[in-house]
Amino acid sequence: MNTSVVLFTADLRVHDHPPLRAALRDARAVVPLFVRDPAVAAAGFAVPNRLGFLADCLRDLDASLRARGGRLVVRSGDLVAQVCRVAAEAGADEVHLAADVSGFAQRREERLRRALEARGVRLRVHETVTGAVPPGAVTPAASDHFAVFTPYFRRWSEQPPRAPLGAPRAVRVPDQVASERMPAREDVPGLSPGLAPGGESEGRRRLTAWLRTGLGAYEERHDDLAGDATSRLSPHLHFGTLSAVELVHRARAAGGAGADAFVRQLAWRDFHRQVLAARPAAARADYRTRHDGWRTGSEAGDDIAAWREGRTGYPVIDAAMRQLRHEGWMHNRGRLLTASFLTKTLYVDWRVGARHFLDLLVDGDVAANQLNWQWAAGTGTDTRPHRVLNPLVQARRFDPDGSYVRRWVPELARIEGPAVHEPWRLPGPERAAVGYPDPIIDLAEGLARFRRARGRD
């Protein structure tokens, strides 16, 4: 075997990369390839924050390959056509690809397989590249996937993840295969001003630092809004600049309650992936319908706009939404609160919120985003689908002194202590001077409406 193509998608790294290592083992030369496919933009996945982060990732991947004697080939156009073209240019007889779970990815893989086979080129698809445990590795007796997390996690924990692979020492790329110019973050308009840097080097630096200083306290502090004690590794998992398999191994090696809690979150990611792999329609349709008559159109338009813009009058909700716009990222507890508020307090379709998140989140993963939104809306895998998170109760619990709110809602910066969560209780002149909106809905009224809609009153 002479040459293989390694098609990079959501696995933009050189460490623990089974397709790359398999290709290097079996071929004398490889073509590391990334295709900028317009179909990704047409499907709504290519938004500014992810494009900016992607540019960082591609430049870093190219640098890592060049340090090993290789380089990254970037092409633009239909993915299937470009892969076939590169395989022909290189004289390749195999293409290596990491498996993915979305309906979009599954359809793309099948198109690619047919096109390559027609040209006498074999497609090799590798599992456990984008997750820790493949979607079909653990299944219940009577179904193709687990619909409840706890039994899934029990079985998931019994599956020893494969050993992580080291980065290759050398990569040889044929000279005749040309590449386009590497994209740059500066090419992308409309980025969130606080968008974090991307790339495997940055991801590994962040991981090493967090394992040393953050993992031990993760169990106690991961819901602390102001403490910002989560790993912030989700963008790197989404783009595959870090390996979920390696994260499981390194966390377990560190040990302790914090490591256990962190590994559980990685299992949640795999849980959603196995649900979506089995039910691709869950990206756009209720996993378990509640026959909701969501508020739509002009009836809900002003409320949706206020929610998106962070001016609902509920400080913890507005703080989280403003963090999202500024950073392209939101604290995990903030995601739960804002999703519950939109779907249950305002009774707006979860797809409206999921789309807004996908428009801004740098870690906007279809499986995690859509299925977490369904969980919050009570149409997904939540075993308590009618629960409603009260933003005031949650704010007092997870931002007790109001530091998170004051960080992101500067109008309220002068209000001291927990009073910042209820600015409408300020005396009249002081309240007017703040310049912050009144609540767009009374929480009790929103709860009553939701219960009526779900037949729970």
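The values are calculated or read from the model by the stated rules, or taken from the named source; none is laboratory data. In this text, all values refer to a predicted model and were calculated from it rather than measured experimentally. For neighbour counting, all protein chains shown are included, and Cβ atoms are generated from backbone atoms with ideal geometry for every residue, glycine included.
Observations, loosely collected:
- Residue satisfying condition, being buried (at least 17 other Cβ atoms within 10 Å of the Cβ) and either at pLDDT below 95 or small (G, A, S) (or both), within set A170, A226: A226
- Exactly one residue among L242, L266, L247 is more than 22 Å from G328 (Cα to Cα) and modelled with pLDDT of 95 or more, and that residue is L247.
- Residue count for region 1-45 under the criterion of being outside any loop (DSSP other than H, G, I, E, B), more than 23 Å from the chain's Cα centre (by Cα) and surrounded by fewer than 18 Cβ atoms within 10 Å (Cβ to Cβ): the result is 2.
- Filtering region 114-134 to residues that are in contact with a Cys (Cβ under 9 Å, 6 or more places away or on another chain) and surrounded by 15 or more Cβ atoms within 10 Å (Cβ to Cβ) leaves A115, L116, V121.
- Taking residues in region 136-148 that are within 13 Å of H272 (Cα to Cα) and not assigned by TED's automatic domain parsing to the domain that holds R269, and partners anywhere that are of a type in the set (D, E) and part of a loop (DSSP other than H, G, I, E, B), not one pair has Cβ atoms closer than 8 Å while being at least 6 places apart or on different chains.
- Evaluated against (1) in contact with an Asp or Glu (Cβ under 8 Å, 6 or more places away or on another chain); (2) more than 16 Å from S340 (Cβ to Cβ), R407 falls short on exactly one condition, (1).
- For G328: the one exception among (1) within 28 Å of V129 (Cα to Cα); (2) surrounded by fewer than 24 Cβ atoms within 10 Å (Cβ to Cβ): (2)
- Test: residue in region 238-255 that is over 27 Å from L61 (Cα atoms) and touching a residue at least 12 places away in the same chain (Cβ under 8 Å): yes
- Within region 97-134, the residues that satisfy the criterion of being of a type in the set (G, A, S), in a helix (DSSP H, G or I) and modelled with pLDDT of 95 or more are A115, A118.
- For L412: the one exception among (1) in contact with a helix residue (DSSP H, G or I) (Cβ under 6 Å, 6 or more places away or on another chain); (2) modelled with pLDDT of 95 or more; (3) surrounded by 24 or more Cβ atoms within 10 Å (Cβ to Cβ): (3)
- Of all residues in region 349-375 being aliphatic (A, V, I, L, M) and not in a helix (DSSP H, G or I), the one that is farthest from A285 (Cα to Cα): V362
- Residues located in region 216-273, provided they are among the charged types (D, E, K, R) and outside any loop (DSSP other than H, G, I, E, B): E219, E220, R221, E246, R250, R252, D260, R264, R269, D270, R273
- Scan of region 399-457 for residues that are without any contact (Cβ under 8 Å) to a residue 40 or more places away in the chain and under 30 Å from R290 (Cβ atoms), ordered by number: D442, A444, E445, A448, R452, G455, D457
- Residue ID - nearest to V133 (Cα to Cα), chosen from residues in region 227-269 that are out of contact with any Gly (no Cβ under 9 Å at 6 or more places or on another chain) and among the hydroxyl-bearing types (S, T, Y): S243
- Residue match in region 56-68 (condition: more than 23 Å from N2 (Cα to Cα), out of contact with any Ser or Thr (no Cβ under 6 Å at 6 or more places or on another chain) and among the acidic types (D, E)): yes
- Some residue of region 46-53 being in a helix (DSSP H, G or I), at pLDDT 95 or above and surrounded by fewer than 20 Cβ atoms within 10 Å (Cβ to Cβ): yes
- Residues within region 279-305 that are in contact with a Gly (Cβ under 8 Å, 6 or more places away or on another chain), aliphatic (A, V, I, L, M) and buried (at least 16 other Cβ atoms within 10 Å of the Cβ), tallied: 2
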